[in-house]
1. For a quick check, take a GNM of the chain with Cα springs below 10 Å and name the residue from 153, 76, 24 with the largest mean-square fluctuation.
2. Roughly what % of DSSP beta bridges within the chain run antiparallel, to the nearest 5?
3. Classify segment 182-312 as rounded, prolate or oblate, taking a ≥ b ≥ c as the square roots of the eigenvalues of its Cα gyration tensor: rounded when a/c is under 1.5, otherwise prolate if a/b is larger than b/c and oblate if not.
4. May I ask for the distance between the Cα centers of segment 172-231 and segment 102-125, given as a whole number of Å?
5. FRET efficiency for residue 115 and residue 40, Cβ-Cβ distance as r, R0 = 35 Å, nearest 0.05?
6. Which order, highest average first, do 56-65, 156-165 follow once you tally other Cβ atoms within 10 Å for each residue and take the mean per peptide?
7. Given the rule -39500 (n - 2.57) for each run of at least 4 DSSP H residues, summed and divided by the residues of the chain, what is its mean residue ellipticity at 222 nm, to the nearest 500 deg cm²/dmol?
8. Mind ordering 211-223, 264-276, 137-149 by average Cβ neighbours within 10 Å, highest first?
């Protein structure tokens, strides 16, 4: 079950700790699948720290592509040669034995699709006057259709996330098509993970991937099933937003504090080297981390309330 699947991620020095935690979490769960890391600008010591885990290989990116690392996902995925290939953002942590869920139910592709309502929230500023706020706005679809230039009919009513997805290698042409489209519509510069000035590609890599799914003949079959978040004992935890666990703790991720810190402690006990530990990953600072997370949550809530009151 492990030798037909490759876990793929990427990182720069800022996200090195994330790649380390992802690799360590897999080995902690005794998942021995190969791990490929496309690493941008990490130092030699960081590279060695990743490759000390059996089966982890670090790859150098194509330096002729100056785009943000998030737009190099296809390049990373194309390093894998197994039957199934899974993308895991470098702020993902594996909890439990996910191998029973990582093969797509349709044997082709799985990713988490948002509901129509949640998709509308993502695009809340993109709907035309009078247009029903549900799913993907017509204006965005029109741009995608024109840019992809293949199918006229749209095949999806909501978008999927690009932080964790799995596909069968017979769909490598989809990944190559995604790469082509990224190079076509994303300027050849580092615009960051999010480009707020873009109408149809604000979320850069994710929206380009969805445009290819929607309008390209290379898109894999989509059944909307995502298995890697259904079992509370075996799932992929995506630590989205800031701060990341190696920077500090968001209140919503505190339930996983003991598990994630436990992965670091397990690695040390097993003789793996770790980078210098930030306070947020040292158990003796658990109370401080918890209090900081609670304070951050209260501040965010207060800002939201103030923003709402100012609009009233």
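Readers should treat all values here as calculations from the given coordinates under stated rules, not as data from a laboratory. The structure displayed is predicted, hence computed values, not measured ones. Positions of Cβ are backbone-derived with ideal geometry, glycine not excepted, and every protein chain shown enters the neighbour counts.
1. So, out of 153, 76, 24, the one fluctuating most is 153.
2. 50 percent
3. Details: a/c = 1.96, a/b = 1.35, b/c = 1.45.
It comes out oblate by the Cα gyration axes.
4. 12 Å
5. Given R0 = 35 Å and the Cβ-Cβ separation, E is 0.55.
6. Going from most to least packed, we get 156-165, 56-65.
7. -10500 deg cm²/dmol
8. My ranking of the peptides, most packed first, is 211-223, 137-149, 264-276.
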